Amino acid sequence: MNALAYDGTAMLGRQLRRLRHNPGLLILTQTMPITMLLFFGYVFGSALATPGAQYRSFLVPGLLVATAANGLMTGMFQAAQDVHRGVTDRLRTLPVSRAAVPLGQAVADLVVTAAGTVPFLLVGLLVGWRIDGSVPEAAAALALLLLFRFACSWAGIFLGLLSRNEEAAGQLGGATFVLPLLSNAYIPTEGLPGWLRTLAEWNPISAVTTALRDLFGNAAVPEGAAWPVAHPVAGSLAWCAVLIAVFAPLAVRRYARGEN
């Protein structure tokens, strides 16, 4: 365990230095959620029956979770890039824990996400979003958000190691953009057809989004929803546990085995 902590910290430092030398990508990933908030909040908000400020309050938690789900895309691309460029093979020859490299990538992504959440929340406050719940509930919402990002990162790392090609990973990662669209991140699911509503509410993004809205005090839990949305905190924790339990061991095993 001590070796894993030491090696994981070293890999965390490597990932953070990697981002420091690629500031364009870092700036893009941090500003894109803010751009989407302003675009969706004012363009889509003006086209909906819900008043603009009310829709932006509805939208902020959804965009937070949609951004967290992008851990799938970034984890996939970074892992595939390292494999494609031979970095993973060189790291595998070092006397470090096999779990340290993917763990360092996941934790580094978590650190960057936590830092990027701050300006997004400040912009959210400027456009009318408010935290109407208690401080402990708001802290729990942010912790749940980061846990979901961490879980999505493990899934992305495994898929990136599996694809072994950064171009393929980039194309596959781009396809993940549809996941928030098939959820309650941007629109309520109550008006969807029965089968589509069920599909959207079993999307992990819907459970986490509903949990954040509930904990922030922005919206009540909808009636008649599927279990993960009707019990959003429990549903979110269950989804995170499943993602980590499935993909973390798979990612470590795939990294350790290489091409086998």
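General remarks:
- The lone exception for residue 208 - which of (1) crowded, with 22+ Cβ neighbours inside 10 Å; (2) at pLDDT below 90; (3) aliphatic (A, V, I, L, M) it fails: (2)
- Per-region count, region 183-205, residues crowded, with 16+ Cβ neighbours inside 10 Å and part of a loop (DSSP other than H, G, I, E, B): 9
- Any hit, region 164-181, residues being on the phi < 0 side of the Ramachandran plot, surrounded by 24 or more Cβ atoms within 10 Å (Cβ to Cβ), assigned to a helix (DSSP H, G or I) and not β-branched (Val, Ile, Thr): yes
- Some residue of region 136-156 being part of a helix (DSSP H, G or I), at pLDDT below 90, of a type outside the set (Asp, Glu) and within 16 Å of the chain's Cα centre (by Cα): no
- Reported count of residues in region 82-96, each being surrounded by fewer than 20 Cβ atoms within 10 Å (Cβ to Cβ) and either touching a Gly at 6+ places or on another chain (Cβ under 8 Å) or of a type in the set (Gly, Ala, Ser) (or both), is 3.
- A residue that is surrounded by 22 or more Cβ atoms within 10 Å (Cβ to Cβ) and of a type in the set (S, T, N, Q) can be found somewhere in region 140-158.
- Taken over region 206-260, the criterion of being in contact with a Lys or Arg (Cβ under 9 Å, 6 or more places away or on another chain) and among the aromatic types (Phe, Trp, Tyr) is satisfied by 216, 255.
- Condition met for residue 174 (under 15 Å from residue 75 (Cβ atoms), at pLDDT below 90 and not aliphatic (A, V, I, L, M)): yes
- Residues in region 191-242 that are β-branched (Val, Ile, Thr) and farther than 29 Å from residue 125 by Cβ: 198, 242.
- Considering residues of region 211-241 that are surrounded by 22 or more Cβ atoms within 10 Å (Cβ to Cβ) and aliphatic (A, V, I, L, M) only, the residue farthest from residue 62 (Cα to Cα): 225
The values are calculated or read from the model by the stated rules, or taken from the named source; none is laboratory data. Computed from a predicted model, the values in this text were never measured in an experiment. Methodologically, a virtual Cβ is constructed for each residue, glycine included, from the backbone with ideal geometry; neighbour enumeration extends over all protein chains shown.
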